[in-house]
Each structure stands twice: as C-alpha cells, then as structure tokens.
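A.B. asks: I have a structure here, written as structure tokens, and I will follow up with some questions on it.
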Amino acid sequence: MNRVRSFTTFFALLLPVLAWAAPSTINGIAAIVNEDVITTLELTAETDTIKRQLRAQGNRLPPESVLAKQVLEREIIKQIQLQFAKSTGIRVDDSELNETLSRIAEQNDLDLRQLKSALESEGFDFSQYREMIRADITMARLRQREVINRVSISEQEVQNFIATQTSQGNVDDEYDISHILIAVPEAASADQIDASKKRAENVLKQLATGIEFSELAVSESSGQNALEGGKLGWRKAGQLPTIFA
C-alpha cells in the first residue's frame, strides 16, 4: 500500500456559536456553556498541557493570546458536544473506560499502574486523564451516531463513487491529511468573504516561505483539530472529497 503525504488548505462555512472572555490571573469564569462553567484555572491547565504537546511535537508556540483563544474555543465546543451527548443518553461507564485505558497502556508496553505512574511523572493528574478519555469516547460515539443518522446515499451517488474510484487508479493509496480551516460566518457579507479569502491567501504565502504547516494550523485554523496541527490523519483516496482527489 502506497502512502502519500498531502496537505490541504480550504475554505468552509462554520456556524459561529463561540464566545469567550479574557482569562484572569485568579480563578474565575472563562466561559459559560449553558449549565456548565469553564474556569480560568481549567483553561490554564489545558493550555499548559497543549504547550507540552506542541513542544514534544517540535512545533513553535503561537502567541499566548492566540493559543488561549484556540484552547478556549475547543473547550467550548467540547462542552457543547458533551452536553448534547448526555441529553441523548450516551454514557461511558467505568468498566468500559478501564478497558480503554488498559488498551492504551498495552499499546505503550505498560500495565495500568505503570501508565498512571508515567502520566504523573509528566505532570498529568490521572483522574483528570481518565475523565479526558471518557469525554473522548463519548464525543466519538456522538459523532458516529450523528453521521449514521444523517447519511442517505442515492443510487446516483453510488455510481458516481464507482466512477471516481476507477478514474483515480490505485484506490489503496493513502494520504496523510492536514487542513487549515478558514471559517466564514453564516450568511456572510461580501466583505467578510473577501476578508476570509485574503486571510487564506496570506496563509498560503506563509506556507510558501517554508513555515511548518502544523505551526500555522495552530495559530490560524478555526478547525477543532487546530491544536493538533490541523491533522485529520490517514485517508484512502476514495475517502477524499472529489474536489481534493
């Protein structure tokens, strides 16, 4: 199987549902998401975690104000998703959570006790790590369920897919995809669309100078995976949108 590394920058529409407050140096409210509150201490802890991850990946840190805004946006979206999952009955019990943690430990050639020690040696609170994994499982289930419920495939779409596969040749090729999402408000004005285009063009110019894609994604992308360098992961050719394939 051939693997080809590919990076894509694109425009997309994103419903603007986010708002944030400037974090304070003492514990306070950074954001209110319906019945839940994101505190400034929680935001600071999450920001510190992201900084460690970015440094470990060899990425240059963006300005503090940019990073704080990105982290808070992601936390708001996470809370919205978790609240919706809870309201629709999605639950992850302790036994399932422990099974997942055991698999994570096994993948790192550790047992659960050693995983706990390793995390704590890196400054992570294990109980918080457990809840982070529980949240990740919950959101993955929510996304999977919503996709299944919304997908309806017509016969014509099946035929188009087959034709696309044939024209692409080797459908076993995989691409390591990252993206930078330039968000446009719903019902955007011509000026807003033009501003977004100029922003995207500026991103392309910076990439042309040799700046790392992942570093630019952290500071410029509006996507949920911006803090992971915009990574979407490996995708087969048949899984790529036709416009990019």
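A.B. asks: Report the extension gain between ARG103 and MET132 in nm, rounded to one decimal, defined as 0.36 nm multiplied by the number of residues separating them, less their alpha carbon distance.
C.D. replies: Numbers: separation 29, 0.36 × 29 = 10.44 nm, distance 1.54 nm.
This chain segment gains 8.9 nm when fully extended.
A.B. asks: How much solvent-accessible surface does ILE29 expose, in Å² to the nearest 10, with a 1.4 Å probe and all protein chains in place?
C.D. replies: 100 Å²
A.B. asks: If you roll a 1.4 angstrom probe over the protein chains with everything in place, what fraction of the accessible area of region 29-170 belongs to carbon and sulfur, to the nearest %? If you can, show how the numbers build up before the last one.
C.D. replies: Working: 4650 of 8980 Å².
Answer for region 29-170: carbon and sulfur cover 52 percent of the accessible area.
A.B. asks: So, by mean Cβ neighbours within 10 angstrom, what's the order for 216-229, 69-82, 117-130 with the highest one leading?
C.D. replies: Numbers: 216-229: 21.7, 69-82: 19.4, 117-130: 13.1.
Result, highest mean first: 216-229, 69-82, 117-130.
A.B. asks: Would you kindly state how much longer the chain becomes between ILE32 and GLN53 on full extension, computed as 0.36 nm times their sequence separation minus their alpha carbon distance, in nm to one decimal?
C.D. replies: My answer for the length gained is 4.9 nm.
A.B. asks: What are the lysines whose alpha-carbon lies under 22 Å from the alpha-carbon of LYS205, with same-chain residues fewer than 8 places away excluded?
C.D. replies: Correct list for LYS205: LYS197, LYS231.
A.B. asks: Let me ask you something else. How would you order 90-97, 36-43 from highest to lowest mean count of nearby Cβ atoms within 10 Å? Each step should come with its number before you reach the end.
C.D. replies: On the way: 90-97: 12.0, 36-43: 16.8.
Descending mean neighbour count gives 36-43, 90-97.
A.B. asks: Could you give the length gained by full extension between ARG91 and GLU155, i.e. 0.36 nm per residue of separation minus their alpha carbon distance, to one decimal place?
C.D. replies: Length gained between ARG91 and GLU155: 19.5 nm.
A.B. asks: While we're on this one: Could you put GLU174, GLU131, GLU155 in order of accessible surface area, largest first, with the 1.4 Å probe and the full protein assembly present?
C.D. replies: Reading off the accessible areas and sorting them downward yields GLU155, GLU131, GLU174.
A.B. asks: Where the accessible area of region 183-239 is counted over protein heavy atoms with a 1.4 Å probe, how much of it, in %, is carbon and sulfur? Kindly include the intermediate steps, with their values, before the conclusion.
C.D. replies: Numbers: 1550 of 3120 Å².
On region 183-239, the fraction of accessible area on carbon and sulfur atoms equals 50 percent.
The values are calculated or read from the model by the stated rules, or taken from the named source; none is laboratory data. In this text the structure is predicted, and so the values were computed from the model without any measurement. Don't worry about glycine lacking a Cβ; one is built from the backbone with ideal geometry, like all the others, and counts go over all protein chains shown. Calculation scope for accessible area: heavy atoms of the full protein, side chains included, ligands and nucleic acids excluded. Shrake-Rupley method; radii C 1.70, N 1.55, O 1.52, S 1.80 Å.
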